[in-house]
Amino acid sequence: MAVNVKGLTDNARKTAVSELNARLADGLALSMAIKQAHWNVKGINFIAVHELFDTVHANLEAHLDVFAERVQVLDGVAVGTAEAVAKASTLKEYPTDLVKSADHIREICARMRDHGEKLRAAIDVTDEAGDANTADIFTAASRTADKDMWFLESHLE
């Protein structure tokens, strides 16, 4: 049975589902990169960086769950398998040979900047399509990503 969200055109719904799945793919790729960094980080301030990666990961995962649930509300299919993410993610592949905390932070921040830019674009696309609620979801995710990136980049000063 299709969900009928009153006030949304079919175009708004389809646009939102497409944007949500695209941002879900990038977010899941970013999530895996953060865990890669978390598991392999070494160096000065190890425990602080190790725990910060966990916090950033948890913050991201909470938003990804909201993305996937919103897809369901809009009668779409949330696509988050490893295989689908590998094909759909637009983020640069994460290097697996890093150990220094500063190197991991720089690489994670580069991907977070890219993810944040695409979240901001998704805000505009979904708002213009007529789905302010999905735009609001992307706004919240963007705010969290910006704050987490600030925390991470502060370790590079």
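The values are calculated or read from the model by the stated rules, or taken from the named source; none is laboratory data. Bear in mind the structure is a predicted one, so any value in this text is a computation, not a measurement. Please note: Cβ atoms are built from the backbone with ideal geometry, for glycine as well, and neighbour counts cover all protein chains shown. The accessibility values were calculated without ligands, DNA or RNA, using every heavy atom of the protein model including side chains. Shrake-Rupley method; radii C 1.70, N 1.55, O 1.52, S 1.80 Å.
Quick notes
- Between ARG120 and LYS100, the simple spin-label model (points 7 angstrom out along Cα→Cβ) gives 2.9 nm.
- ASP146 paired with LYS92, simple spin-label distance in nm, labels 7 Å along Cα-to-beta-carbon: 2.3 nm
- Protein-only accessible surface order, largest first, of VAL85, VAL79 at 1.4 Å: VAL79, VAL85
- Solvent-accessible surface (1.4 Å probe) assigned to ARG120 amounts to roughly 100 Å².
- Span from the region 1-75 Cα centroid across to the region 96-157 one, whole angstrom: 10 Å
- The chain: angle of helix 132-153 to the longest principal axis, Cα-based, in degrees nearest 10: 10 degrees
- Computed about its Cα centre, the charge dipole of the chain is approximately 140 debye, with only Lys, Arg, Asp and Glu carrying charge at their Cβ.
- These residues, GLU107, GLU157, GLU128, go from largest to smallest accessible area, 1.4 Å probe, as GLU157, GLU128, GLU107.
- Of LYS92/LYS118; LYS42/LYS87; LYS14/LYS92; LYS118/LYS147, pairs whose Cα-Cα distance is over 21 Å: LYS42/LYS87; LYS14/LYS92
- Computed with a 1.4 Å probe on the full set of protein chains, the accessible area for THR55 sits at about 70 Å².
- Helix 101-129 axis, angle to the chain major axis (alpha carbon atoms, nearest 10°): 10 degrees
- Within region 1-105, trypsin sites (Lys or Arg not before Pro) in DSSP loop having at most 15 other beta-carbon neighbours inside 10 Å: LYS6, LYS92
- Overall form of the chain per C-alpha gyration tensor (a/c, 1.5; a/b vs b/c): prolate
- Exposure ranking of ILE108, ILE44, ILE123 by accessible area [1.4 Å probe, largest first]: ILE44, ILE123, ILE108
- In the chain, the longest principal axis of the Cα atoms and the axis of helix 10-40 are about 10 degrees apart.
- Inter-label distance, ARG113 to LYS14: 3.6 nm, where each label sits 7 Å from its Cα along the C-beta direction.
- When the chain is described by a simple charge dipole with +1 on each Lys and Arg Cβ and -1 on each Asp and Glu Cβ, the residue from HIS63, ALA132, ASN40 located farthest towards its positive end is ASN40.
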